[in-house]
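The next block holds one structure in the form of structure tokens; read it before the comments.
The values are calculated or read from the model by the stated rules, or taken from the named source; none is laboratory data. As the structure is a computational prediction, the values presented were derived from the model and not from experiment. Heads up, the Cβs are rebuilt from the backbone with ideal geometry, glycines too, and the neighbour counts pull from every protein chain shown. Note: accessible area is taken over every heavy atom of the protein model, side chains too, but ligands, DNA and RNA are not part of it. Shrake-Rupley method; radii C 1.70, N 1.55, O 1.52, S 1.80 Å.
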Protein chains: 2
Amino acid sequence: MVAIVPRLRINSPRLKTDFDALAEIGATQSGGVTRVALSNEDLEARAWFANRIEDAGFFVRDDEVGNLSGVLPSKQPNARTLLLGGHLDTVPNGGRFDGSVGVLAGLECLRTISEAGISLPCHLEVISFTDEEGWWQSFFGSLGMTGTLQPHHINDVQQDNAAFRAALYRAGIRVSEVGRAKRDMNDLLGYLELHIEQSKRLEQANIDVGVVTGVVGRSTYVYTFFGEGTSAATTQAPDRRDALQGAAMFITQMYALIADEYPDGIVNCGNIEVQPGTFNVVPAEAKLRIECRHQDSDILNEIESRLIRMAQDIALMYHLSVHVEQMYKRQVAIMDEGILRLIETVCDDEQLTHQRMVSYAGHDAQILSPFLPTAMIFIPSKDGISHNPKEETDWEDVENGANVLLQTILRMAEHA
Amino acid sequence: MVAIVPRLRINSPRLKTDFDALAEIGATQSGGVTRVALSNEDLEARAWFANRIEDAGFFVRDDEVGNLSGVLPSKQPNARTLLLGGHLDTVPNGGRFDGSVGVLAGLECLRTISEAGISLPCHLEVISFTDEEGWWQSFFGSLGMTGTLQPHHINDVQQDNAAFRAALYRAGIRVSEVGRAKRDMNDLLGYLELHIEQSKRLEQANIDVGVVTGVVGRSTYVYTFFGEGTSAATTQAPDRRDALQGAAMFITQMYALIADEYPDGIVNCGNIEVQPGTFNVVPAEAKLRIECRHQDSDILNEIESRLIRMAQDIALMYHLSVHVEQMYKRQVAIMDEGILRLIETVCDDEQLTHQRMVSYAGHDAQILSPFLPTAMIFIPSKDGISHNPKEETDWEDVENGANVLLQTILRMAEHA
């Protein structure tokens, strides 16, 4: 049984000093940060983080996929580990908060607990996961840690594979050894991640804390409509078999369907490529990149099916054919109800307003959630802007979030 | 006064022999023809055509833009010239009829008239224009002949400019001398062009001959919608500023407007390019290539204006901006009413059914029509297919068209 210390508070100026120092590593002229995974800047940030861990008297831990941790060990024999996490990597010209807040607040919680002389029945480990943003391979670190990294994650990457291998090697990660990064999940008590919301829901509702119930499932598809590339001049309207006309109708109807029937879902048509693509030829081919997100597996599947049927109906109407290929499916991730309630209790005690919400963006928490009790704490993002130099969160919200994290750690440890 | 010889007929087997021989030059495996302007195949076709002209005892004429003619001179002093034309060049893997029929039927008319010992008060000249199809520069030959070739026609081409210069030079065309190809229009009596229809109107109405009243005007535009490239995951629906969503609505509404209010007009969105173009980012930019055609100048202008207003309204609705740039405008071309009536009379005498129609495709006739009395005779295209190996016209229709051309020549000569 841990003595709860309700008035324990993180050291906000010390956290702010870390935050500002980290934001300098890879700082861009526009006020953002470029610290893509395994880059010079990312390696510099890791070295800086390792120094902060050692300065605080904790153990540095790393693994075969490049995850980097600071550990405050418990004195109890056979103690399990409570993980707190985030990531030091960013998208190109991204913001200062995304990923960093989770890592730095976690470290600050370890320092605060350690300084207060509190002895916990579990180890505390603050972890920075490798390449959360997917410059090379999204969630590389958390996939490695959970033993779910597949060969195609290394051999079929968006970026050039040889360059990825070279970048891994330079960071001390050997492809032949990544399988050894897998940890025994029985050793882990749970995973907590503090993160900015990246959308406007908290700000608009004037709520302090988002209690994340899950991460939406995500599927991506390539839809290709096929028509006939006849002369635009001499093909009469009824004879046009215009792949782009069908595609445009599909896009229009897709957004209408989501607005009308699935307001909690998200779809995006991010690209369209047309062949042959000249002024005076009816488009013979239109290739669309489609993405769907929803918090409910069944509804996500339903949206996917209805969009496919809609495309088929439109193809029929415009005398086209359509080919649909699923490129990627990420299952819905569900957070641990017990921890969610703990977080809500903490917020109430701290007199912070809170609201349950899903995360539409992906996070390492979704990779861990099938394996151990996992939860995320959101704090407001100004104007919902993220992955952008204008990403901003009031410092008071960061401080609140870090204190909610601290108290949640203490209460989880109580049940360890 | 010419003696009209109503029962005079072209030599159909001789014309067919020429047709088959020409179709061999640049023949493709799929039964089409690749004879793009100034290519080896095009130069071979010109040499073949020059031989046919000389075999028939006519004069070969060429000019500084590579137009190649056969001339049957009149014995009358100060005679003017009646031009009959077409083009030997094709699009890549195009058909056997487009362009060729006009050239070969014109040559056959000269041979038929010459053989019959008919002495006309005008010179007859069958001309093949350079690069009608625009592999380098559409209507290069007819623009040169009418003195309307502009510096940008040589210096701003779709293809690589250096290669165009080299191709011209190899064909004996010197850029510094193209201005000398301009002819005195007072020396010319008129221009007649026999061509396949390239659409289905004659076939569907079971009509033998199309009497072309004009060539539609054509304008091309680049429309660019600008939105904001935010995260598709975390941008809530009301905050999306999706350039592609607006563009898709524009395409959908554009075709609806034309179908509802301008059934004689043609629009085409031939391409769309999206930035940044990934699954999970809201499209920040969508660039559309739009083409409009109509036979009436005022209505063409009206369509163009309404589409621009429509794009602006849609941009407003989706919180986008839109930039519209006109790339090209070709004025409506109007054929000579006097010659149209002659053609109709000839058809009636020949017991061929006929119908007035516009041409949606471009032809050299449209370049010549502002300068001299011009007319075109259309014969049916099977299934309206053109610019394709499957381009096909019944030989009987070619024969009918050539005889209509022959009789029209004789009647025009009567009024020379």
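Worth pointing out:
- Residue in segment B:210-233 that is over 25 Å from B:Glu302 (Cα atoms), out of contact with any Ser or Thr (no Cβ under 9 Å at 6 or more places or on another chain), more than 8 Å from chain A (Cβ to nearest Cβ) and of a type in the set (Val, Ile, Thr) present: yes
- Taking first residues from segment A:46-61 that are over 18 Å from A:Ala23 (Cβ atoms) and in contact (Cβ under 8 Å) with a residue 24 or more places away in the chain and partners that are of a type in the set (Val, Ile, Thr) and buried (at least 16 other Cβ atoms within 10 Å of the Cβ), the Cβ contacts under 7 Å between residues at least 6 apart in sequence or on separate chains come to A:Phe58/A:Val71; A:Arg61/A:Val71.
- Of residues in segment B:234-253 being within 9 Å of another protein chain (Cβ to nearest Cβ) and without any contact (Cβ under 8 Å) to a residue 40 or more places away in the chain, the one nearest to A:Ile272 (Cα to Cα): B:Ala248
- There is at least one residue in segment B:355-364 that is over 19 Å from B:Ala105 (Cβ atoms) and polar (S, T, N, Q).
- Matching residues in segment A:406-416 - criterion: being closer than 15 Å to A:Pro373 by Cα and open to solvent by less than 10 Å² (accessible area, probe 1.4 Å): A:Thr408, A:Ile409, A:Ala413
- Inside segment B:255-270, residues that are more than 9 Å from chain A (Cβ to nearest Cβ) and within 20 Å of A:Ala284 (Cβ to Cβ) make up a count of 0.
- Residues within segment B:144-176 that are part of a helix (DSSP H, G or I), surrounded by 13 or more Cβ atoms within 10 Å (Cβ to Cβ) and modelled with pLDDT under 95, tallied: 8
- Residue that is farthest from the chain's Cα centre (by Cα), among those in segment A:224-270 that are surrounded by fewer than 20 Cβ atoms within 10 Å (Cβ to Cβ) and over 21 Å from A:Val322 (Cα atoms): A:Gln236
- Within segment B:16-62, restricting attention to residues that are assigned to a helix (DSSP H, G or I) and among the basic types (Lys, Arg), the residue that is least open to solvent (accessible area, probe 1.4 Å) is B:Arg46.
- Single residue of B:Thr81, B:Thr90 found to be over 21 Å from B:Gly362 (Cβ atoms), under 23 Å from the mean Cα position of the chain (by Cα), modelled with pLDDT of 95 or more and in the same structural domain as B:Gln137 (by TED's automatic domain parsing): B:Thr81
- When the strands (runs of 3 or more DSSP E) confined to segment A:271-386 are screened for residues that are facing another protein chain (nearest Cβ under 10 Å) and open to solvent by 50 Å² or more (accessible area, probe 1.4 Å), those reaching at least 2 such residues are found at A:321-330.
- Meets criteria (open to solvent by 20 Å² or more (accessible area, probe 1.4 Å), under 22 Å from B:Ala365 (Cβ atoms) and at pLDDT 95 or above) for B:Asp98: no
- Filter pass, A:Ala105 being in a helix (DSSP H, G or I), open to solvent by 10 Å² or more (accessible area, probe 1.4 Å) and out of contact with any Asp or Glu (no Cβ under 7 Å at 6 or more places or on another chain): no
- Condition met for A:Gly141 (open to solvent by 10 Å² or more (accessible area, probe 1.4 Å) and either within 14 Å of chain B (Cβ to nearest Cβ) or within 30 Å of A:Asp397 (Cβ to Cβ) (or both)): no
- Counted residues, segment B:94-123 - those being on the phi > 0 side of the Ramachandran plot and more than 27 Å from the chain's Cα centre (by Cα): 1
- Condition broken by A:Asn186, with the remaining ones in (1) closer than 30 Å to A:Ser74 by Cβ; (2) open to solvent by less than 10 Å² (accessible area, probe 1.4 Å); (3) part of a helix (DSSP H, G or I) satisfied: (2)
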